[in-house]
Amino acid sequence: MSDFVLSLLIGSLMVVTTTMLFYEILGFTWALLPKLVIPLRQRILVVILAIFGGHTLAVWIYAGAYWWIANASDFGALKGGIDTGFHDYLYFSAATYSSLGIGDIVPTDGFRLVASIEVLNGLVLIGWSASFAYLVMQKFWEVHRPASEQGDNQQAETEVRDA
């Protein structure tokens, strides 16, 4: 099997794994929010922590895959300012996932395509998390506003719908 095909398979597996993980974290968070007996302002903190946790897990999953593959085969490696400890793979994964791409550590061989897929995966999941945070804010913002302000906004929404 060529390195290109293997890179696509590994990258696809990583995308499916991190997307399913993120889906479960966001679904759990969405179901949990109405049940929380905490002030509304603190609910957004729960959302941000859940999102941050999901991204952190995704970075660790990619780092673990890079580390395991690099130590189990000659499929790919990281070059540059690296001592091949797991922390270097974690650092590389965080920089890649966030599309920061510092450049002090670079992938070689089969890792290049996997790293490119990680960038796209990270951008999609970061966008998804921003959308999720927006939806949560939209859902709970009305509940948080004083009743006098809610009426004005509801009237404006009714006018927009009727137009």
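Seen against the Cα atoms of the chain and their longest principal axis, helix 147-162 is set at about 80 degrees. Counted residue by residue at 0.36 nm each, then reduced by the alpha carbon distance between them, the extension gain from Val37 to Leu13 reaches 4.8 nm. What you get for the chain, charging only the Cβ of Lys and Arg (+1) and of Asp and Glu (-1), is a dipole of about 360 debye around the Cα centre.
Out of every Cα-Cα pair that segment 3-162 contains, those further apart than 21 angstrom amount to 55 percent.
Here is how the number arises for the chain: DSSP H runs of 4 or more residues each give -39500 (n - 2.57), the sum is divided by the residue count, and the result at 222 nm is -27000 deg cm²/dmol.
Helix 3-32 and the long axis of the chain differ in direction by around 30°, with both axes built from C-alpha atoms. Computed over the chain, relative contact order equals 27 percent, with contacts defined as Cα pairs under 8 Å that lie 6+ residues apart. Ranking Ala77, Gln42, Asn121 by how far each Cα lies toward the positive end of the dipole of the chain (charges on Cβ) leaves Gln42 at the top.
Rule-based calculations on the coordinates, nothing more; no lab input. Values in this document were obtained by computation on a predicted structure and should not be read as measured data. No Cβ is skipped: glycine too gets one built from the backbone with ideal geometry, and neighbour counts run over all protein chains shown.
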